[in-house]
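The values are calculated or read from the model by the stated rules, or taken from the named source; none is laboratory data. Given the structure is predicted, the values throughout are model-derived calculations rather than measurements. Using ideal geometry, Cβ is built from the backbone for each residue, glycine included, and neighbour counts are taken over all protein chains shown.
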Amino acid sequence: MRRDVFQAIADPTRRAILSLIALQAMTPNALAEHFDSSRQAVSKHIQILSECKLIKQKQDGREIHYQLNLKKMKEIADWLEPFRKMWEDRFNQLDTVLEQLKTQKP
Amino acid sequence: MKTMSPIEIIKDLPNKKLMIIRKFEASPERVWKAWTESHLLDQWWAPKPWKAETKTFQFKDGGQWLYAMVSPKGEKHWCIVEFHNIVLSKRFQTICFFCDENGKKDPSMPQMNWKNEFHATETGSKVVVEISFSTEADITKIIEMGFEAGFTMGLENLEHYLMVSSN
């Protein structure tokens, strides 16, 4: 199976996991309590997120906590910014063209 | 200077779709005109500092628009937009792909399918652009292109946001 960040965030459960640990680092057990699916299923999602490097482990005494890997998360947030900027510029220019058309025609 | 309407972008990655929504203070007919006449398209289609230059243009079902995105250095990237399912002043669909100056398709670059809708509103019109990609590989490619461009732009707000949310 392909392992990239976009594959990872295509799944709603994995997006929900990311939202949860964005607030605080969590243990696999604490995470699983938020979902109806089996502990095993949740753990599989955690594994995928981990392989995609979107989350990382933090050893806390005997417990493992998962936290966001912000560097990787930023890659996802970033990609849309240039796209948004391009459309903003483009449509602001369209405003100007429309304004000109208005004065040309009754 | 009047304020610009905000742009709304909706991501639907599982379905390989992106939607762009924006309101304009002009009737759907006038917005339609700006989208479907090449001398007008040339004035706004390319985001600054790029320029759009039309080589050929035929707005009809199955017709094509062959144009170049010209960089400030004069570098040209050629694209074809093929028009389909035109419903006057309401909507049309396109197939877009990168090509050479003769319109020969570049198979290494992603193809996109666009659905452009023009809705009347109380103050003018609302344009809904839906871009769908045929394969996951295509959307990934566009995303990668976005990455490259993204690195060259200042994204301090986002960094700030991510810093705050990390604490």
> What is the number of the single condition among (1) touching a Ser or Thr at 6+ places or on another chain (Cβ under 9 Å); (2) touching a residue at least 40 places away in the same chain (Cβ under 8 Å); (3) not small (Gly, Ala, Ser) that residue B:84 does not meet?
Replying inline: (2)
> If you check every pair at least six apart or on different chains, which have Cβ atoms under 7 Å apart with a residue in the range A:85-104 that is more than 7 Å from chain B (Cβ to nearest Cβ) first and a residue that is β-branched (Val, Ile, Thr) second?
Replying inline: none
> Considering the range B:62-82 alone, what residues qualify as being at pLDDT 95 or above and surrounded by fewer than 12 Cβ atoms within 10 Å (Cβ to Cβ)?
Replying inline: B:62
>> Anything in the range B:1-28 that is out of contact with any Pro (no Cβ under 9 Å at 6 or more places or on another chain), assigned to a helix (DSSP H, G or I) and either more than 16 Å from residue A:96 (Cα to Cα) or free of Cβ contacts under 8 Å to residues at least 12 places away in the same chain (or both)? List them, or say none.
In response: B:13, B:15
